[in-house]
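J.: Structure in structure tokens, see below.
The values are calculated or read from the model by the stated rules, or taken from the named source; none is laboratory data. Given the structure is predicted, the values throughout are model-derived calculations rather than measurements. Backbone-built Cβ (ideal geometry, glycine too); neighbour counts: all protein chains shown.
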Amino acid sequence: MSLQRSKNEGILGYYLSQKVIPNNDELDRRILNILGENKIDMIFLAGYMKMLGYPVLRKYENRIFNIHPALLPKYGGKGMYGMNVHKAVIQAKEKVSGVTIHRVNENYDSGEIVAQTEVPVMPNDMPENLAARVLEREHSFLIKVICDIVNGKIKLGI
């Protein structure tokens, strides 16, 4: 969601990045301040491309989730994002790909998997076609998983 869209919808939004705050410790401090001021108890990373710092990971342990455009543990880890994932899935001649929601820890895409859903890979798929189908599925699946967390089917942890 863009900041303009959140503003249009009356949703509070902030822009913090390493481009604006190059010092990692300061960036972590600012992130924690904003989360604390707004009484945030769960974080969902959807398109966030930077590893969160240790202070944030520690404070929100087991309460940070990421959505990944493949069925982990395959096609995860450093460098496996966006079109890289879909190209790898197609090159491996997989019959299915999908969406994984997992807890975030200090290693890329290695936290506990809390939910997955499959998306078929079609015989003549190009990475862009597969990416579009996976993204479409991500939208509804993310809502379902957040509802499962809110309803206690998936525990927040600490």
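J.: Which is more than 15 Å from the chain's Cα centre (by Cα) and either more than 25 Å from H102 (Cβ to Cβ) or part of a loop (DSSP other than H, G, I, E, B) (or both), of I31, I40?
T.: Exactly one residue qualifies, and that residue is I40.
J.: Mind checking which residues of the range 123-158 are under 17 Å from Y75 (Cβ atoms) and not in a helix (DSSP H, G or I)?
T.: D125, M126
J.: In the range 81-111, which residue that is assigned to a loop (DSSP other than H, G, I, E, B) and over 13 Å from the mean Cα position of the chain (by Cα) is surrounded by the fewest Cβ atoms within 10 Å (Cβ to Cβ)?
T.: Filtering the range 81-111 for residues that are assigned to a loop (DSSP other than H, G, I, E, B) and over 13 Å from the mean Cα position of the chain (by Cα), the one surrounded by the fewest Cβ atoms within 10 Å (Cβ to Cβ) comes out as K93.
J.: Okay, moving on. Tally time: how many residues in the range 1-32 are closer than 12 Å to G53 by Cβ and in contact (Cβ under 8 Å) with a residue 12 or more places away in the chain?
T.: 10
J.: G36 - would you say it is farther than 22 Å from N107 by Cβ and in contact with a Ser or Thr (Cβ under 9 Å, 6 or more places away or on another chain)?
T.: So G36 does not fit the description; no.
J.: Name every residue in the range 103-138 that is free of Cβ contacts under 8 Å to residues at least 60 places away in the same chain and either of a type in the set (D, E) or on the phi > 0 side of the Ramachandran plot (or both), in order of residue number.
T.: E106, D109, E112, E118, D125, E128, E136
J.: A follow-up question, please. From the list P55, P69, P120, P127, pick out the single residue that is surrounded by fewer than 17 Cβ atoms within 10 Å (Cβ to Cβ), within 24 Å of H139 (Cβ to Cβ) and modelled with pLDDT of 95 or more. Before the answer, list the steps.
T.: Details: P55 fails: within 24 Å of H139 (Cβ to Cβ); P69 fails: surrounded by fewer than 17 Cβ atoms within 10 Å (Cβ to Cβ); P127 fails: surrounded by fewer than 17 Cβ atoms within 10 Å (Cβ to Cβ).
Testing whether each residue is surrounded by fewer than 17 Cβ atoms within 10 Å (Cβ to Cβ), within 24 Å of H139 (Cβ to Cβ) and modelled with pLDDT of 95 or more leaves just P120.
J.: For residues in the range 139-155 being within 19 Å of P69 (Cα to Cα) and touching a residue at least 40 places away in the same chain (Cβ under 8 Å), which is nearest to the chain's Cα centre (by Cα)?
T.: Looking at residues that are within 19 Å of P69 (Cα to Cα) and touching a residue at least 40 places away in the same chain (Cβ under 8 Å), I get L142.
J.: Taking the stated definitions as given, is K50 surrounded by 10 or more Cβ atoms within 10 Å (Cβ to Cβ), at pLDDT 95 or above, in the same structural domain as V114 (by TED's automatic domain parsing) and of a type in the set (D, E, K, R)?
T.: no
J.: A follow-up question, please. In this structure, does Y75 turn out to be at pLDDT below 95, under 22 Å from F141 (Cβ atoms) and among the aromatic types (F, W, Y)?
T.: no
J.: Here is a further query. Exactly one condition in (1) assigned by TED's automatic domain parsing to the domain that holds L142; (2) outside any loop (DSSP other than H, G, I, E, B); (3) surrounded by fewer than 12 Cβ atoms within 10 Å (Cβ to Cβ); (4) not aromatic (F, W, Y) is not met by K78; state its number.
T.: (2)
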